[in-house]
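What follows is a short report on a single structure.
The values are calculated or read from the model by the stated rules, or taken from the named source; none is laboratory data. Remember, it's a predicted structure, so these values are computed and weren't measured experimentally. All Cβ positions, even for glycine, are placed from backbone atoms using ideal geometry, and neighbour counts span all protein chains on display.
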Amino acid sequence: MKRFPAILAFCGVAALPPSVLAATSSASFNVQITITSACSLSASDLVFPTTGLLASDVAGSTSLGVTCTNTTPYSIGIDKGVNGASVTSREMIGGPSSELVSYQLCQDSACATNWGNTIGSDTVSGTGTGAAQSVTVYGLVPAQTTPAPGVYTDTVQVQLTY
C-alpha cells in the first residue's frame, strides 16, 4: 500500500498538460537592410518619320526610362553624337556618299531648349521616386538642303548622373 500514493502522485503529474511541464526561453534579433542611392537607365531609338524632302522641319521623339531610389536627385545629359561637332550641331551621316543631315535633341516639343551634357546648364534633372519614370527626348531635323536618298544615322550617349 505504500506504493499506491506514489503511483497516484505519478499519475497526477502525467495527467498535467505538456505546457505546464515545458520550460521556454526566448531571444530576439534585428532585421536590417541598407539602401543606397542607385539608378538605372534605358533608352529607345529615335526614328524620325520617313520623308522625301527636308523643305520643312521633321519632328520626332523617344523616351528614356529612369529608375532611381526614392529622393535620389539625378541629371540626364546627352552628348554630341559620333558625327556632331557639338551638342548644338549634331549630324547624322549616310546616303551613298556619306552626306550629313543636321538634327537637334531638345528638352521640349518646341525644341526651344537644347539637350546637352553640361550638368546644371543644358541637362534634364529630376528626383527618383523608387519607380520607373519616363523622360521624353524631342528631336528635330530642321529644314535644310535635302541630301541623296538613303538612311542617315548617328549614335549619342546618354549619361545619368546621381
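Among the residues in the range 97-106, are any surrounded by 14 or more Cβ atoms within 10 Å (Cβ to Cβ), in contact (Cβ under 8 Å) with a residue 12 or more places away in the chain and in contact with a Cys (Cβ under 6 Å, 6 or more places away or on another chain)?
Yes, the conditions are met somewhere in the range 97-106.
Please list, ordered by residue number, the strands (runs of 3 or more DSSP E) wholly in the range 21-81 having 2 or more residues that are of a type outside the set (A, V, I, L, M) and under 30 Å from residue 147 (Cβ atoms).
Fully inside the range 21-81 and qualifying: 58-68.
Does residue 65 qualify as being under 20 Å from residue 39 (Cα atoms), crowded, with 17+ Cβ neighbours inside 10 Å, of a type in the set (Gly, Ala, Ser) and within 21 Å of the chain's Cα centre (by Cα)?
Judged against the criteria, residue 65 is not a match.
Here are 132, 148: which of them is closer than 25 Å to residue 36 by Cα, touching a residue at least 24 places away in the same chain (Cβ under 8 Å) and aliphatic (A, V, I, L, M)?
Values: 148 fails: closer than 25 Å to residue 36 by Cα.
After ruling out the rest, the residue left standing is 132.
May I ask you to verify whether residue 37 is closer than 14 Å to residue 157 by Cα and modelled with pLDDT of 95 or more?
Considered against the rule, which asks whether it is closer than 14 Å to residue 157 by Cα and modelled with pLDDT of 95 or more, residue 37 comes out as no.
Please find, within the range 133-149, the residue that is farthest from residue 46 (Cα to Cα) out of those that are surrounded by 12 or more Cβ atoms within 10 Å (Cβ to Cβ) and under 27 Å from the mean Cα position of the chain (by Cα).
The residue in question is 133.
Kindly evaluate residue 127 against the criterion of being hydroxyl-bearing (Ser, Thr, Tyr) and touching a residue at least 40 places away in the same chain (Cβ under 8 Å).
In short, yes.
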